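Written out below as structure tokens is the structure these notes cover.
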Amino acid sequence: MIEIKNIEKSFEGINIIKGISTTFEKGKTNLIIGQSGSGKTVLLKCLLGLHQPDSGEILYDGISNLKMNESEKTLLRRQMGMVFQGSALFDSMSVIENVMFPLIMLTKLQEDEIREKALKVIERVELTKATDKLPAEISGGMQKRVAIARAIVMNPKYLFCDEPNSGLDPKTAIVIDKLIQEITKEYNITTVINSHDMNSVIEIGEKIIFLVSGEKNWEGTNKKILKTDNQSLTNFVYSSELLKKVKKYL
Amino acid sequence: MIKMSFFKPSKWKIQQKLIFKEINDLIIESIPIVAILSFFIGGVVAIQTALNLSSPFLSKSLIGFATRQSVILEFAPTFMSIIMAGKVGSYITSSIGTMRVTEQIDALEVMGINPLNYLVFPKIIALLFYPFVITVAMFIAIFGGFVAMSFAGVPGEAFISGIQMDFDPYHVSYAYIKTILFAFILATVPSYHGYYMNGGALEVGKASTLSFVWTSIIIIIVNFIITQLLLS
């Protein structure tokens, strides 16, 4: 579980994150939603430790980021997996090499053990046939699967995904969402997903926080979100014509 | 940046692999272009020297002497380094810059790997072999001069005796001191421009150009300072 307490972050005097407090629960897919520029990515980077909050505290399974020294922070990062918006796969490495990379860099396992572990997660994300292909030779959806495989190969306690289905067709996007949700349950990890895709929100949003201009505006689940009377959230959720029509039937 | 590239090193086995890859990309793959350029520029230096030494009272061996001096003191270490700022420098900036744009550097950071050590340190070490490239440039340029003079009818013995005339090993040391400094500049300035760039694909191109401009300027300024300190 990750608990954030009143965190603030500003850049060049502009307050991007304004005193957000919430918890991201273990074994659940936690979504951060909001319009572009609402502070989702900055919040995610604060959770990842890529940005240091100006004030406030982040507790990772009860351990505060403020009480960690550099080596503890490095150890914490090794318990984190991240799926980037653009997958961030290493172009010169094949699918299996990408998945093996964190194990090679960060563990003392033998090469055959590393290979075995990598093959296991590749099989889990159903990419066995693409094992030796380069990222440029596979589709966007497959690249996302490789990114997921690379993120979970170290058995992380926390999984972060930055808009995991951006650039994907709706069908593949749902497959990726489901895969992330299944992995969250299987590995019992705390998953935090940054998204503005309403399909994801409705499909896998077990816990959702909605940000407006760097502030937490609403918190709830996918079941509650469609029936909310919060005006900002309603405008956000039902921004497309299709969903406006759907709303009439709810 | 330089300090951080020596911190939190990756495993030695991985470093070794990365260093060998960089030696191949930055050093070995530069040899063909260095060889071609050196051969023809050496020839041009010899032809132009011969043109200015047309008096029958001047020995033909002076052509070999002047070619050797120009090549060792200036052409091979400085001129070749500026060319390498274009070839190696833009390669370094664009490869690191692309990794920045495509979040690959962020991915390394999230994994708890020091990206500067992973990306920059192997390049610094690989470019310690840069004097080898300059040595190749020196030999091939002088050979280019020899070939050009053979076509111009200058006796080979005269050119060779010119090459051997008043040889001062200190000039070679001066050339290698410059070379090592230029190697460090070639590894770090383009890495800096790639690592700290912002934006997208267009900015990668801009960063490569900027890196070439700055690397060349720094090389020229350092060349002036070193020459003042060691030769004046």
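The values are calculated or read from the model by the stated rules, or taken from the named source; none is laboratory data. Everything numeric here is computed off the predicted structure, so don't read it as measured data. Because the Cβ atoms are built from the backbone with ideal geometry, glycine has one as well, and the counts that use them run over all protein chains shown.
Only a single criterion out of (1) surrounded by fewer than 19 Cβ atoms within 10 Å (Cβ to Cβ); (2) touching a strand residue (DSSP E or B) at 6+ places or on another chain (Cβ under 9 Å); (3) under 30 Å from B:W12 (Cβ atoms) is not satisfied by A:F84, namely (1).
For (1) surrounded by fewer than 16 Cβ atoms within 10 Å (Cβ to Cβ); (2) under 20 Å from A:E163 (Cβ atoms); (3) in contact with a Gly (Cβ under 8 Å, 6 or more places away or on another chain); (4) at pLDDT below 90, each residue gets a yes or a no:
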site: A:N6; (1), (2), (3), (4): yes, no, yes, no
site: A:I32; (1), (2), (3), (4): no, yes, no, no
site: A:H51; (1), (2), (3), (4): no, yes, no, yes
site: A:I96; (1), (2), (3), (4): no, no, no, no
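Considering the stretch A:110-128, and only residues there that are in a helix (DSSP H, G or I) and aliphatic (A, V, I, L, M), the residue that is modelled with the lowest pLDDT turns out to be A:V121. Taking the stretch B:85-116 as the range and being in a helix (DSSP H, G or I) and within 11 Å of chain A (Cβ to nearest Cβ) as the test, the residues that pass are B:S95, B:T98, B:M99, B:R100, B:V101, B:Q104, B:I105, B:D106, B:A107, B:L108, B:E109, B:V110.
Taken together, the residues in the stretch A:48-82 that are farther than 18 Å from A:K9 by Cβ, more than 8 Å from chain B (Cβ to nearest Cβ) and assigned to a helix (DSSP H, G or I) amount to 5.
Which one of these is within 22 Å of the chain's Cα centre (by Cα) and closer than 20 Å to B:D25 by Cα: B:A187, B:A175?
From the options B:A187, B:A175, the qualifying one is B:A187.
In summary, B:I217 fulfils each of the numbered conditions (1) surrounded by fewer than 17 Cβ atoms within 10 Å (Cβ to Cβ); (2) touching a residue at least 24 places away in the same chain (Cβ under 8 Å) with the single exception of condition (2). Across the stretch B:17-37, the qualifying residues are those that are within 14 Å of chain A (Cβ to nearest Cβ) and crowded, with 18+ Cβ neighbours inside 10 Å, and the one among them that is modelled with the lowest pLDDT is B:L18.
State whether the residues of the stretch A:110-133 include one that is within 13 Å of another protein chain (Cβ to nearest Cβ) and in contact with a Lys or Arg (Cβ under 9 Å, 6 or more places away or on another chain).
Restricting attention to the stretch A:110-133, the residues satisfying the condition of being within 13 Å of another protein chain (Cβ to nearest Cβ) are A:110-111, A:114.
Pick out the ones that are also in contact with a Lys or Arg (Cβ under 9 Å, 6 or more places away or on another chain) and you get none.
There is no residue in the stretch A:110-133 that is within 13 Å of another protein chain (Cβ to nearest Cβ) and in contact with a Lys or Arg (Cβ under 9 Å, 6 or more places away or on another chain).
Can you name the residue in the stretch B:185-195 that is of a type outside the set (V, I, T) and touching a helix residue (DSSP H, G or I) at 6+ places or on another chain (Cβ under 7 Å) and is also surrounded by the most Cβ atoms within 10 Å (Cβ to Cβ) among such residues? Step through it out loud before you land on a result.
Narrowing the stretch B:185-195 to residues of a type outside the set (V, I, T): B:186-187, B:190-195.
Subset that is touching a helix residue (DSSP H, G or I) at 6+ places or on another chain (Cβ under 7 Å): B:186-187, B:190-191, B:193-195.
Values: B:L186: 27, B:A187: 28, B:P190: 30, B:S191: 26, B:H193: 27, B:G194: 28, B:Y195: 22.
The residue in question is B:P190.
State all residues of the stretch A:223-241 that are touching a strand residue (DSSP E or B) at 6+ places or on another chain (Cβ under 9 Å), part of a loop (DSSP other than H, G, I, E, B) and of a type outside the set (V, I, T); if no residue qualifies, say none. Passing the criteria: only A:N230.
For the stretch A:130-141, the set of residues classified as modelled with pLDDT of 90 or more and part of a helix (DSSP H, G or I) consists of A:A130, A:P135, A:A136, A:E137, listed by residue number. With (1) farther than 20 Å from A:L47 by Cβ; (2) in a helix (DSSP H, G or I) as the list, and A:L168 as the residue in question, which single condition is left unmet? Condition (2) is where A:L168 drops out. Scanning the stretch A:186-199 for any residue that is surrounded by fewer than 17 Cβ atoms within 10 Å (Cβ to Cβ) and either assigned to a loop (DSSP other than H, G, I, E, B) or touching a residue at least 40 places away in the same chain (Cβ under 8 Å) (or both) turns up at least one such residue.
Among the residues of the stretch B:58-80, at least one is surrounded by fewer than 17 Cβ atoms within 10 Å (Cβ to Cβ), away from chain A (no Cβ under 13 Å) and not aliphatic (A, V, I, L, M).
In the stretch A:83-109, the residue that is nearest to A:A149 (Cα to Cα) out of those that are in contact (Cβ under 8 Å) with a residue 12 or more places away in the chain, within 7 Å of chain B (Cβ to nearest Cβ) and outside any loop (DSSP other than H, G, I, E, B) is A:P102. Among the residues of the stretch B:1-16, those that are more than 9 Å from every other protein chain (Cβ to nearest Cβ) and part of a loop (DSSP other than H, G, I, E, B) comprise B:M1, B:F6, B:F7, B:P9.
When the criteria are applied in full, B:N198 fails the requirement of being touching a Ser or Thr at 6+ places or on another chain (Cβ under 7 Å) and surrounded by fewer than 22 Cβ atoms within 10 Å (Cβ to Cβ).
Taking the stretch A:187-232 as the range and being under 27 Å from A:V175 (Cβ atoms), among the aromatic types (F, W, Y) and touching a helix residue (DSSP H, G or I) at 6+ places or on another chain (Cβ under 6 Å) as the test, only A:F210 passes.
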